[in-house]
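*Asks:* My questions all concern the structure below.
Derivation of every value follows stated rules applied to the coordinates shown; laboratory data play no part. Fair warning: this is a prediction, and the values are worked out from it, not measured in the lab. In this analysis, Cβ positions are derived from the backbone assuming ideal geometry, glycine residues included, and neighbour counts consider all displayed protein chains.
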Amino acid sequence: MEETKILDCRTLKEILPHRYPSLLVDRIITITPRQFIVGLKNVTINEPFFQGHFEDNPIMPGVLILESLLQTGASLFLQDPEYFGRYAFFSSMDKVQFFDHVTPGDQLRLEMTVKKIKDTVIYMTGKALVDGKCMCSGEFSFNLATRPTKPQIDATASVHHTAVLGKNVFIGANTIVGEHVHIGDNTVINANCFIEKWTRIGESCRIHFGCVIGSEAQDMKYKGEKSWVVIGDRNEIREYVTINRATGENEVTEIGSDNIFLTHVHIAHNCKLQNNIIIANTTNLGGHTEVEDKVVIGGMTGIHQFVRIGKGAMVGAYTRLPQDVPPFMLCEGNPALIRGLNAVGLRRGGVSKQGIQDVKEIHKLIFRSELNVNQALEKCKAEAFSSPEAAHLLSFLEAPTKRGVTKKQESTTSS
């Protein structure tokens, strides 16, 4: 049901950032919340664009009719408390047609109808009429971006107009934020960072000096296709960390929440990292690496592409890791070997006594017995371990792997 709600020019100036000569709607006369809006634009000979378009035959430029429709459609949402205070930027237009000229003395009736709302992107159809005759019509989408304030963005920073910044975001000196970047509420990005296009960063993250996030995949297969880096909430990303976007159309390099990446960590294309992970300084994760929850990786570690590191595992510093590390294991060396069970991590993680005991028994069968892996897995199944930790460990060991599983430490005998 339509609701007659008048928004005059003074009210429009409160919700739209446009000012003379760019404010191109004079009044809103009908609103159906989040569905439909009608605005009016009175076209007079005093419009500044008529001085050059055209002096002897004044015609309103078609692009300005489209801008009038955008401002009308944006007003439907910007007067809504959820979207108040944002900017509206055209994202796309389609099936635009012009049927006649708009000249001085005409009153444009601007009608916009909502097709779809997707996050902060609004899809609408619109038409501009004069005396009931359609002068222009089309399908449009626009992005409702948070209006940056001076305390949020350093004067020397550069933020692309399509970037969407949440509340209380801070952008430091000389930082560059690229196109179609989304940054969640309360995230701090310090000086000299580069957040490249197609990157999404969650809430309450802190990204320190000199980080580069969302750069092109360092992969011969990458050909410039649209792909993403998606980062969760409350991540601490220290100085000079680099995170590459994925290879493959719409593929994702994905980082979970509550992680800490120390200085000079590199996370390559298509990596999948979960939550509560700690990675120490100057560690390099190759492409397609997968790291599960609560993993600790020591500094100066090199991890081969396609390696998997299971939940609760710990990898020692200076390790060369070419193969998978099962959950809850201690791994270290060049090349890496399984050195034991991460019992301290299990206890700190609140794992039950039964869970710890089950994992110990599986560790003995897989890494301390004379059985090969397949024989050990069959024996594990026969034992019918009941804890979720045991189930997760066995599932990891049975899952397909491109790199194989890290070997047990060979026993040494004195001569």
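*Asks:* Gain in length, K221 to V63, computed as 0.36 nm per residue apart minus the alpha-carbon separation, to one decimal in nm? Provide the component values of the computation, followed by the final result.
*Replies:* Working: separation 158, 0.36 × 158 = 56.88 nm, distance 4.02 nm.
So the chain would gain 52.9 nm between K221 and V63.
*Asks:* If you wrap a convex hull around the Cα atoms of the stretch 9-146, how much volume per residue is inside, in Å³?
*Replies:* Given the Cα convex hull of the stretch 9-146, per-residue volume reads 102 Å³.
*Asks:* Additional query: Please list, ordered by chain and number, the residues whose modelled amide H lies under 5 Å from the amide H of I338; skip anything fewer than 5 residues away on the same chain.
*Replies:* K407, K408, Q409
*Asks:* 7 Å from Cα along Cα→Cβ at both N168 and K407: what's the point-to-point distance in nm?
*Replies:* It is 5.3 nm.
*Asks:* Among M329, M300, what is the fewest-to-most ranking by other Cβ atoms within 10 Å?
*Replies:* Least crowded to most crowded, the residues run M300, M329.
*Asks:* Taking Rh as the Kirkwood radius, which is the inverse of the mean 1/r over Cα pairs, what is the Rg/Rh value for the stretch 158-348?
*Replies:* Here Rg/Rh amounts to 0.99.
*Asks:* What is the mean projected area of the alpha carbon convex hull for the chain, to one decimal in square nanometres?
*Replies:* 27.3 nm²
*Asks:* Here's something else I'd like to know. What spacing in nm lies between the two simple spin-label points modelled at A391 and E249, each 7 Å away from Cα in the Cβ direction?
*Replies:* According to this spin-label approximation, the distance is 3.8 nm.
*Asks:* Amide H to amide H under 5 Å from I153: which residues, 5+ apart in sequence or cross-chain, H placed 1.01 Å off N in plane?
*Replies:* Here I171 satisfy the definition.
*Asks:* For the chain, what is the percent of antiparallel DSSP beta bridges, rounded to the nearest 5?
*Replies:* So the antiparallel bridges amount to about 45 percent of the total.
*Asks:* Please report the antiparallel percentage of the DSSP beta bridges confined to the stretch 158-348, to the nearest 5. Present the calculation step by step, with values, prior to reporting the outcome.
*Replies:* Details: 5 of 56 bridges.
Taking every DSSP beta bridge within the stretch 158-348, about 10 percent pair in antiparallel fashion.
*Asks:* In nm, to one decimal, how far is the modelled label at K353 from the one at E139, with both set 7 Å along Cα→Cβ?
*Replies:* Each label point is offset 7 Å from its Cα along the Cβ direction, giving 6.5 nm.
*Asks:* Here's something else I'd like to know. Computed over the Cα atoms of the stretch 34-75, what is the ratio Rg over Rh, Rh following Kirkwood?
*Replies:* Result: Rg/Rh = 1.07.
*Asks:* Can you compute 3J(HN,Hα) from phi for each residue in the stretch 122-131, using the Karplus curve 6.51 cos²θ - 1.76 cosθ + 1.60 with θ = phi - 60°, rounded to whole Hz and x for Gly and Pro?
*Replies:* 10, 10, 9, 10, x, 8, 10, 10, 10, 6
*Asks:* Another question, then. Once phi is turned into θ = phi - 60°, what whole-Hz ³J(HN,Hα) does the Karplus curve with 6.51, -1.76 and 1.60 give for every residue of the stretch 67-79, x standing for Gly and Pro?
*Replies:* Computed from phi, the couplings for the stretch 67-79 are 5, 4, 5, 4, 5, 5, x, 5, 4, 4, 9, 6, 7 Hz.
*Asks:* Further question on the same structure: If Lys and Arg each add +1 and Asp and Glu each add -1, what is the summed charge of the other residues whose beta carbon sits under 15 Å from the beta carbon of K221?
*Replies:* Local net charge: -2.
*Asks:* Given H placed 1.01 Å from N in the peptide plane, which residues other than close sequence neighbours of M329 have an amide H under 5 Å from its amide H?
*Replies:* Excluding prolines and chain starts, which carry no amide H, the hits are A313, M314, N342.
*Asks:* Kindly write out, for the stretch 284-295 in residue order, the coupling ³J(HN,Hα) from the Karplus curve 6.51 cos²θ - 1.76 cosθ + 1.60 (θ = phi - 60°), rounded to whole Hz, with x marking Gly and Pro.
*Replies:* Per-residue couplings from phi come out as 10, 9, x, x, 6, 5, 10, 10, 7, 4, 6, 8 Hz.
*Asks:* Just subtract the alpha-carbon distance of S22 and A191 from 0.36 nm times their residue separation and send over the number in nm, one decimal.
*Replies:* That pair, S22 and A191, stretches by 57.5 nm at full extension.
*Asks:* Given the C-alpha centroids of the stretch 255-326 and the stretch 1-78, what is the distance between them in whole angstrom?
*Replies:* 53 Å
*Asks:* For T44 and K364, calculate 0.36 nm times their separation in residues minus their Cα-Cα distance, and state this gained length in nm to one decimal. Walk me through the numbers before you get to the answer.
*Replies:* On the way: separation 320, 0.36 × 320 = 115.20 nm, distance 8.67 nm.
Gain on stretching T44 to K364: 106.5 nm.
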